[in-house]
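Everything on this sheet refers to the single structure shown next.
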Amino acid sequence: MSGPDGTNGRTADDRAGDDGRARDGRTAANGRRPGPPLLELRGVSKRFPVRRGVLRRVRGHVHAVSDVSLALHAGETLGLVGESGSGKSTLGRLALRVVDVSEGTVRLRGEDVTAAGRGALRGLRRRAQMVFQDPYSSFDPLLPVGASVAEPLDVHLDLTAAQRTARLHELVALVGLEPEHLDRYPRELSGGQLQRLAIARAVAADPELVVLDEPVSSLDVSTQAQVIGLLERLQRELGVAYLFIAHNPALVRHASDRIAVMYLGEIVEVGPADEVYHRPRHPYTQALLSAVVVPDPDVQRARRRIVLEGDIPDPSDPPPGCRFHTRCPYALDVCATEAPPAYEAEAGTTVRCHLHTAGPQLAGQPLSRKEIVR
Ligand code: SF4
């Protein structure tokens, strides 16, 4: 018999234990979890056509995501970090098939999302949800927010009116709000309250995965901390996995078990969060992290900022070889012609850089150093 939440009367803890969902949200020190992944991307690429002229002919393609392979396990948070335009948001949308891949496969619990028909896709929408950066754009301005929060319940669960109301009240309590908030219009709520309700909607139908696309970027600092705390608590209580997309590496490190770093559509480094944050191996990760301001003034004074020369290249005409070679302080001749393969470095990290595949004797020994240190 279905309970008030339409989930057969099971508790959140019961649900969290299903299918190996983890409740502690932690990943082993080597960065790997046992068992098959919840979400798996293999060789995923996305090209968007560039149309020009009166006839809108296709004149080229933007290579938004190129040959990305990633895995995310149940109950885990994988942080995805990189500059604006690196392809992070597109990758999040590909994972949920909000946009279709150009190449590669996406699997959720082994099921091929890229080949799913309408029925299977409906099931996917229940199991995998998304929270967007701007909470105001996530709600219909003409409807009370309760109508939007209830949408997954109406689409995916067969609830009576009483069950629907009980579940809505459970959801607003889960995100620290009151039932009367459901009757308000988006303009009557703060950004933090709306983002809490967007999160309530995302977890309404008990998903296994939520893609969080810059979920706190538009909020003030104190509200950011509250929303991050809420996400962490929900993960402990519900066992949901997060793909956490953000441009702030410090925030991603705090919220994530593992971190993947993107540059110009490619994953250049992935590994356990503390390992990537404290011992970045890829020159781009090193530059990205050098810009993070640490709260301790003594530590901050001792830090070196690596300022990269030049802008991020045009994604419709990415550089050959290593895509980072036009800005890399350590570029070798080979970097301009040959794309570095994924190299399994120590401590569970994987890095795409010739310095590592060429052997430790080259690592950290720049042949042409263009770094500017401030
Ligand atoms: Fe720099 Fe070459 Fe490594 Fe790319 S492969 S990050 S250009 S050293």
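Consider region 266-288 and keep the residues that are away from the ligand (no atom under 12 Å from the Cβ) and of a type in the set (D, E, K, R). The one that is farthest from Cys353 (Cα to Cα) is Asp274.
Could you say whether any residue in region 246-253 is touching a helix residue (DSSP H, G or I) at 6+ places or on another chain (Cβ under 6 Å), closer than 23 Å to Ala173 by Cα and assigned to a strand (DSSP E or B)? Break it down into steps so the answer makes sense when it comes.
Initially, region 246-253 is screened for residues touching a helix residue (DSSP H, G or I) at 6+ places or on another chain (Cβ under 6 Å), giving 246, 249, 253.
Next cut, closer than 23 Å to Ala173 by Cα only: none.
Scanning region 246-253, I find no residue that is touching a helix residue (DSSP H, G or I) at 6+ places or on another chain (Cβ under 6 Å), closer than 23 Å to Ala173 by Cα and assigned to a strand (DSSP E or B), so the answer is no.
When the residues of region 221-244 are filtered to those that are of a type outside the set (Ser, Thr, Tyr) and free of Cβ contacts under 8 Å to residues at least 12 places away in the same chain, which remaining residue is most open to solvent (accessible area, probe 1.4 Å)? Restricting to residues being of a type outside the set (Ser, Thr, Tyr) and free of Cβ contacts under 8 Å to residues at least 12 places away in the same chain, the top hit is Val221.
Search region 168-177 for residues being open to solvent by 10 Å² or more (accessible area, probe 1.4 Å) and modelled with pLDDT under 95, and hand back the single one that is farthest from Leu197 (Cα to Cα). Step through it out loud before you land on a result.
So in region 168-177, the residues open to solvent by 10 Å² or more (accessible area, probe 1.4 Å) come out as 168-170, 173-174, 176-177.
Next, only the ones that are modelled with pLDDT under 95 stay: 170, 173-174, 176-177.
Values: Glu170: 12, Ala173: 10, Leu174: 10, Gly176: 9, Leu177: 8 Å.
Looking at residues that are open to solvent by 10 Å² or more (accessible area, probe 1.4 Å) and modelled with pLDDT under 95, I get Glu170.
Assess whether Asp100 counts as being in contact (Cβ under 8 Å) with a residue 60 or more places away in the chain, acidic (Asp, Glu) and within 30 Å of Asp314 (Cβ to Cβ). When the stated conditions are applied, Asp100 does not pass them.
Quick one: is Ser66 part of a strand (DSSP E or B) and closer than 20 Å to Pro320 by Cα?
Details: part of a strand (DSSP E or B): yes; closer than 20 Å to Pro320 by Cα: yes.
When the stated conditions are applied, Ser66 passes them.
A quick yes/no check of all residues on (1) more than 27 Å from Leu78 (Cβ to Cβ); (2) in a helix (DSSP H, G or I); (3) within 26 Å of the chain's Cα centre (by Cα); (4) of a type in the set (Asp, Glu):
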{"site": "Ala162", "(1), (2), (3), (4)": "yes, yes, no, no"}
{"site": "Glu170", "(1), (2), (3), (4)": "yes, yes, no, yes"}
{"site": "Arg187", "(1), (2), (3), (4)": "yes, yes, no, no"}
{"site": "Val211", "(1), (2), (3), (4)": "no, no, yes, no"}
{"site": "Ser222", "(1), (2), (3), (4)": "no, yes, yes, no"}
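Hey, among the residues in region 196-220 that are farther than 22 Å from Ile259 by Cα and open to solvent by 30 Å² or more (accessible area, probe 1.4 Å), which one's modelled with the lowest pLDDT? Applying the filter and picking the extreme gives Asp220.
Of all residues in region 82-124 being part of a loop (DSSP other than H, G, I, E, B) and over 20 Å from the mean Cα position of the chain (by Cα), which is surrounded by the most Cβ atoms within 10 Å (Cβ to Cβ)? Reasoning before the result, please.
Taking region 82-124 as the starting set, the residues that turn out to be part of a loop (DSSP other than H, G, I, E, B) are 82-87, 96-102, 109-110, 116-117.
Narrowing further to those that are over 20 Å from the mean Cα position of the chain (by Cα): 116-117.
Numbers: Ala116: 16, Gly117: 7.
This residue is Ala116.
The test for being of a type in the set (S, T, N, Q) and part of a helix (DSSP H, G or I) does not hold for Gln133.
Filter region 283-302 for residues that are loosely packed, with under 15 Cβ neighbours inside 10 Å and part of a loop (DSSP other than H, G, I, E, B); which is nearest to the chain's Cα centre (by Cα)? So that I can check it myself, show each step before the final result.
Start the filter on region 283-302 by keeping residues that are loosely packed, with under 15 Cβ neighbours inside 10 Å, which leaves 291, 293-302.
Checking the rest, the ones that are also part of a loop (DSSP other than H, G, I, E, B) come to 291, 293-296.
Values: Ala291: 21, Val293: 22, Val294: 23, Pro295: 25, Asp296: 28 Å.
For region 283-302, the residue satisfying everything is Ala291.
Set side by side, the residues Leu124, Leu55, Leu80 differ, and just one is touching a strand residue (DSSP E or B) at 6+ places or on another chain (Cβ under 9 Å), of a type in the set (A, V, I, L, M) and farther than 23 Å from Gln224 by Cα, which is Leu124.
Take the conditions (1) modelled with pLDDT under 95; (2) assigned to a loop (DSSP other than H, G, I, E, B); (3) within 16 Å of the ligand (Cβ to nearest atom); Phe324 misses just one of them, which is (1). Residues that are modelled with pLDDT of 85 or more, near the ligand (Cβ under 10 Å from one of its atoms), out of contact with any Cys (no Cβ under 7 Å at 6 or more places or on another chain) and among the acidic types (Asp, Glu) are absent from region 342-364 altogether.
Looking across Glu269, Glu309, one residue alone is surrounded by 22 or more Cβ atoms within 10 Å (Cβ to Cβ) and of a type in the set (D, E, K, R). It is Glu269.
The values are calculated or read from the model by the stated rules, or taken from the named source; none is laboratory data. For clarity, every value in this text was computed on a predicted model and none was experimentally measured. Cβ atoms come from the backbone with ideal geometry, glycine included; neighbour counts cover every protein chain shown. Remember, those area values only see protein heavy atoms, side chains included, never the ligands or the DNA or RNA. Shrake-Rupley method; radii C 1.70, N 1.55, O 1.52, S 1.80 Å.
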